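K.L.:
Below is a structure I'd like to ask you about.
The values are calculated or read from the model by the stated rules, or taken from the named source; none is laboratory data. These numbers were taken from a predicted model, which means no experiment stands behind them. Here the Cβ is made from the backbone with ideal geometry for all residues, glycine too, and neighbour counts use every protein chain on show.
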Amino acid sequence: MNKPEQGNSEYDAEHEYWVAQRLAKNPKLAREYLKIMLEDADTISNEQTLLRALRQVAKAQGISKVAEAAGIRRESLSRALSDKGNPRIDTLLSIMRAMGLQLTVKPISA
């Protein structure tokens, strides 16, 4: 069997599964991963990168568990964190709290 190519949906699914498995085993890694993705979201010019990282951490913690703790339906969580997601700030904050995290503000480094 050939290895799926990057950009292929099979590859993307395997990659997301692999990342979620690593994040599930190491909560500190999950926090650092999200921190880096949040800091880089504007420099990468792709907020979808942050949503993908949040989705991977949610999968690592359990989508249903995170959705319940955030007070939203599982389907709503999946939609909010999808590649086409555009969650409202209150939804984003609820998801972050449910993951045991919070957004922070700091000055931009020169």
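K.L.:
I108 - would you say it is in a loop (DSSP other than H, G, I, E, B), without any contact (Cβ under 8 Å) to a residue 24 or more places away in the chain, of a type in the set (A, V, I, L, M, F, W, C) and touching a helix residue (DSSP H, G or I) at 6+ places or on another chain (Cβ under 7 Å)? If you could, list the steps in order and put the result at the bottom.
P.N.:
Details: in a loop (DSSP other than H, G, I, E, B): yes; without any contact (Cβ under 8 Å) to a residue 24 or more places away in the chain: yes; of a type in the set (A, V, I, L, M, F, W, C): yes; touching a helix residue (DSSP H, G or I) at 6+ places or on another chain (Cβ under 7 Å): no.
In short, no.
Matching residues to (1) surrounded by 12 or more Cβ atoms within 10 Å (Cβ to Cβ); (2) touching a helix residue (DSSP H, G or I) at 6+ places or on another chain (Cβ under 9 Å); (3) at pLDDT 80 or above; (4) of a type outside the set (V, I, T):
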residue: R22; (1), (2), (3), (4): yes, yes, yes, yes
residue: Y33; (1), (2), (3), (4): yes, yes, yes, yes
residue: M37; (1), (2), (3), (4): yes, yes, no, yes
residue: A41; (1), (2), (3), (4): yes, yes, no, yes
residue: I44; (1), (2), (3), (4): yes, yes, no, no
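K.L.:
Going through the stretch 68-99 one residue at a time, which ones are of a type outside the set (S, T, Y), without any contact (Cβ under 8 Å) to a residue 40 or more places away in the chain and assigned to a loop (DSSP other than H, G, I, E, B)?
P.N.:
Result: G71, I72, R73, L81, D83, K84, G85, N86, P87, R88.
K.L.:
Kindly evaluate K65 against the criterion of being in a helix (DSSP H, G or I), in contact with a helix residue (DSSP H, G or I) (Cβ under 7 Å, 6 or more places away or on another chain) and within 22 Å of Q21 (Cβ to Cβ). Working first, answer last.
P.N.:
Numbers: in a helix (DSSP H, G or I): yes; in contact with a helix residue (DSSP H, G or I) (Cβ under 7 Å, 6 or more places away or on another chain): no; within 22 Å of Q21 (Cβ to Cβ): yes.
Against the criterion (in a helix (DSSP H, G or I), in contact with a helix residue (DSSP H, G or I) (Cβ under 7 Å, 6 or more places away or on another chain) and within 22 Å of Q21 (Cβ to Cβ)), K65 does not qualify.
K.L.:
Within the stretch 51-96, can you find the residues that are crowded, with 18+ Cβ neighbours inside 10 Å and closer than 19 Å to H15 by Cα?
P.N.:
Answer for the stretch 51-96, where residues must be crowded, with 18+ Cβ neighbours inside 10 Å and closer than 19 Å to H15 by Cα: L51, R52, A53, L54, R55, Q56, V57, A58, K59, A60, Q61, L81.
K.L.:
Would you mind stating whether P4 is at pLDDT 90 or above and either exposed (fewer than 12 other Cβ atoms within 10 Å of the Cβ) or not aromatic (F, W, Y) (or both)?
P.N.:
Details: at pLDDT 90 or above: no; either exposed (fewer than 12 other Cβ atoms within 10 Å of the Cβ) or not aromatic (F, W, Y) (or both): yes.
No, not satisfied.
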